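The values are calculated or read from the model by the stated rules, or taken from the named source; none is laboratory data. Predicted model only: the values in this text are computed from it and were never measured. Here Cβ is always computed from backbone atoms with ideal geometry, including for glycine, and neighbour counts include all displayed protein chains. Keep in mind that these areas ignore ligands, DNA and RNA; they rest on the heavy atoms of the full protein, side chains included. Shrake-Rupley method; radii C 1.70, N 1.55, O 1.52, S 1.80 Å.
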Amino acid sequence: MVDHSYADLSLAALYDSLNPWGPGDDFYLGLVMSAGSVLDVGCGTGRLLRGARAAGHDGRLLGLEPAAAMLVQARRAEPGVEWVLGDMRARRWEGHGFDLAVMTGHAFQELLGDEEVRATLTAVRNALGPAGRFVFETRNPTARAWETWTPDRVRRLADGDGRPVRVWHEVEGPPVGDRVTFTETYEGEAWAQPQMCRSTLRFLDLDALSGFLAGAGLEVVEQYGDWDRGPVTSGSPEIITVAGPR
């Protein structure tokens, strides 16, 4: 199911402002620019592929996204990229031979069930060429990032009409296994009442990630704990995984 914050046009229009370009985008852009053909799984507003095209990438760029409202933003900004509505399980990927597949913005954590993870990874494996790479990041569970998702940490920004918007998060109780459920609330003049979106994310550790990848015919090539390619430690904010066909 697509989160309300991605399915609602008024909220999707705020995504790039809430998530400004940063070190993670630079990391992925470098990989995209060195690959001939790229599949962006869960591309959102398409910011990464839009950036690659603007930087001169002239190969195949395909952005796949299950939320129509997010793709509206992508298509408006860059019609010269192949934007596809859906997810990895909705079509056959054999024969595409992508050099690179990416899953950015912690989108991998939205895969909650084991079968959903397995099916997505298997589809990614099928979409890659023999020397292809799949690169994605998840928040490191031992860093416990959700403990900072509190209502007192309010983000302030402006919507497309310049009106102020306030956004905050609140976790619903302690983690349940490897899953954390939280709400994201938007408050501003555009809405008669605050818009609340409820989401659940899955925090997989290193062993679990390796197991799922192996089951889909992928193996870890490299892993980093931050965007500077530092090692994964208990305090590292990220688990950035580079995987390839076994």
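Between the residues Pro130, Val41, Val221, the greatest Cα displacement towards the positive end of the dipole of the chain, with unit charges on the Cβ of Lys, Arg, Asp and Glu, is found for Pro130.
Does segment 1-150 come out rounded, prolate or oblate by the C-alpha gyration tensor, with a ≥ b ≥ c the root eigenvalues, rounded set by a/c under 1.5 and, if not, prolate when a/b is larger than b/c and oblate if not? Verdict is rounded for segment 1-150. The distance from the alpha carbon centre of segment 96-117 to that of segment 175-246 is 10 Å, rounded to a whole number.
Applying 1/(1 + (r/R0)^6) with r as the Cβ-Cβ distance of Glu82 and Arg118 and R0 = 35 angstrom yields a FRET efficiency of 0.85.
Mind checking the dipole of segment 131-234: about its Cα centre, +1 per Lys or Arg Cβ, -1 per Asp or Glu Cβ, Debye to the nearest 20?
Numbers: 12 positive and 17 negative charges, 22 e Å.
Taking the Cα centre of segment 131-234 as origin, the dipole is about 100 debye.
Around Ser17, what is the net charge, scoring Lys/Arg as +1 and Asp/Glu as -1 over all other residues with Cβ under 10 Å from its Cβ? Net local charge, Ser17 excluded: -1.
In a reduced charge model with +1 at each Lys and Arg Cβ and -1 at each Asp and Glu Cβ, the chain shows a dipole moment near 420 debye about its Cα centre. Most tightly packed first, judged by the mean number of other beta-carbon atoms within 10 Å of their residues, the peptides 44-51, 105-112 read 44-51, 105-112. Of Thr181, Thr122, the residue with the largest accessible area leads and the full order is Thr122, Thr181 (1.4 Å probe).
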